[in-house]
Amino acid sequence: MSDVRVIDAILTPQQQEWLEALILDNNSNEWTFVPSANFGTSKDLEITKSRQTDSGRFLNLENVVDSAQLELNLYRHQQVLPAFHDLFLGLGMGQLLKAKINITFHDPRHTDDSYGYPHSDLEGLGFKKYTTAIYYLNDSDGDTFIFNERVGDVFESLTVHSRVTPRRGRVVLFDGHRYHAGNNPRTHKPRALINLNFHPAG
């Protein structure tokens, strides 16, 4: 049985619309510009150190197009976290390890089969088992690529396990040690998602 699960409409249409507006229409959110998915945010020093240990080893892969993005660290905005209670409940979340929002924009270098820098969100931080969840805030193109390879595997190239297209209210969950990457939108408005890492409840 695969650890990759896609759940549509995990929230009601009203909750989906409200959550999208809360994030995308709120001018008071303090976004951080991140020039590369390879290095995390400048304010997230532990993640930055762990990403740097791979020395950019995926940058030479044929399909990798490393693009900038905006990030909102939810741990630094505690007033926003209660808005996600129903989402967390639906995911069966136990201990939350990391929570942030990513927005990516049109990048003419991207094609349908290209993707950003492959990574595992908490690589190098010593977590033995955790789940990664990606909740899509809006409809967009720019699939999420989830690979067969995981942290600790020996491999020469990455092979695609799944591609998930962003749809508002959709969430994909998978083993946090899997490498994954997003693709930038080419025909839609900015691609926005909530990126969560957690220990399951129980």
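FYI, it's all coordinate maths here, none of it is from the lab. Here the structure is a predicted model, which means the values were calculated and not measured. Positions of Cβ are backbone-derived with ideal geometry, glycine not excepted, and every protein chain shown enters the neighbour counts.
When the Gaussian network model of the chain links Cα atoms closer than 10 Å, the mean-square fluctuations of A192, A21, A133 top out at A21.
Short to long, the 5 Å bins of the Cα pair-distance histogram for the chain hold 1, 7, 16, 21, 23, 18, 9, 3, 1, 0 percent of all pairs. Note on the chain: with a GNM built from Cα contacts shorter than 10 Å, the maximum mean-square fluctuation among D25, D66, D143 falls on D25.
Positive end of the dipole of the chain (Cβ unit charges, origin at the Cα centre): among V65, P82, I103, the Cα lying farthest that way belongs to P82.
Using all pairs of distinct alpha-carbon atoms, the Kirkwood hydrodynamic radius of region 82-174 works out to 15.3 angstrom. Using the rule -39500 (n - 2.57) for each DSSP H run of four or more residues, divided by the residues of the chain, the 222 nm mean residue ellipticity is -4000 deg cm²/dmol.
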